[in-house]
Amino acid sequence: MRRPGRAVRLTAVGVVAAYSAILYFAGVPIDAGLRRAIGYLPALAGLVVVVWDLWVWRWPLVWRSTGRPRLDGLWEVELRPTADSHIPEGGNRGPIIAYLVVRQTYWSIALQLFTVESSSISRSFFWDGDNRTGTEWLTFVYDNTPMLNHQHRSGRHLGTCTLQPGSRQPAEIRGAYFTDRYTAGDMKLTLRKRDTSSGSFEEAVRSYER
């Protein structure tokens, strides 16, 4: 599923720009200076929406007024499968070390998880604000694809993950995951840096060590 963030921003800018142009050239019988000002207001409003989505919501004095936690960055993840998880013979029963790359704006978020044997990418998500903590929790569906040399015992699968940050700028997060191959487990995330450029497990390790 495509994230709506970029499409929403482009649509907002396009619509308000078109409205501003129509209003400006429509010849409305009002003072020219006032007409110019009115014509610019929708474009300014659209720009404010985009700037909020990309940057403003993260500002220290602003994010306190929202329940949206800041999760963007590189996280080291410890996965601990439950004892009754259906892990095939030869599979890793944990704890499993992984790295999670989170790219986030206010209205969109994309997550990639890397282990030594596979990678996962989020497909859909929602924020749950009804947890009485003042901070929203994140639930997302992900698609996991193992490397080819591991697919004989670990096939591609879908899963659901819930992250439970305890503050709006957490350094550690607890979570849980469930998969359609009858595995489940707990997660512990530790923020390593605000970098989101890693594209593999090895690159994440190198980025963290720098």
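The values are calculated or read from the model by the stated rules, or taken from the named source; none is laboratory data. Keep in mind the model is a prediction, meaning the values are calculated, not measured. Using ideal geometry, Cβ is built from the backbone for each residue, glycine included, and neighbour counts are taken over all protein chains shown.
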Practice item. May I ask you to list the residues in the range 126-162 that are of a type in the set (Lys, Arg) and without any contact (Cβ under 8 Å) to a residue 60 or more places away in the chain? Key: 132, 156
Review point. Mind checking which residues of the range 107-136 are more than 18 Å from residue 54 (Cα to Cα) and in a loop (DSSP other than H, G, I, E, B)?
Key: 115, 116, 117, 129, 130, 131, 132, 133, 134, 135, 136
Practice item. Take the residues in the range 89-106 that are part of a loop (DSSP other than H, G, I, E, B) and modelled with pLDDT of 90 or more, then tell me which one is surrounded by the most Cβ atoms within 10 Å (Cβ to Cβ). Key: 105
Review point. What residue, among those in the range 152-177 that are over 19 Å from residue 133 (Cα atoms) and exposed (fewer than 15 other Cβ atoms within 10 Å of the Cβ), is modelled with the highest pLDDT?
Key: 158
Review point. Would you pick out the residues in the range 120-149 that are within 22 Å of residue 87 (Cα to Cα), buried (at least 16 other Cβ atoms within 10 Å of the Cβ) and modelled with pLDDT under 95?
Key: 144, 146
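For (1) surrounded by 12 or more Cβ atoms within 10 Å (Cβ to Cβ); (2) of a type in the set (A, V, I, L, M); (3) at pLDDT below 70; (4) assigned by TED's automatic domain parsing to the domain that holds residue 158, each residue gets a yes or a no:
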{"residue": "11", "(1), (2), (3), (4)": "yes, no, yes, no"}
{"residue": "18", "(1), (2), (3), (4)": "yes, yes, yes, no"}
{"residue": "29", "(1), (2), (3), (4)": "no, no, yes, no"}
{"residue": "41", "(1), (2), (3), (4)": "yes, yes, yes, no"}
{"residue": "47", "(1), (2), (3), (4)": "yes, yes, no, no"}
{"residue": "65", "(1), (2), (3), (4)": "no, no, no, no"}
{"residue": "78", "(1), (2), (3), (4)": "yes, no, no, yes"}
{"residue": "83", "(1), (2), (3), (4)": "no, yes, no, yes"}
{"residue": "87", "(1), (2), (3), (4)": "yes, yes, no, yes"}
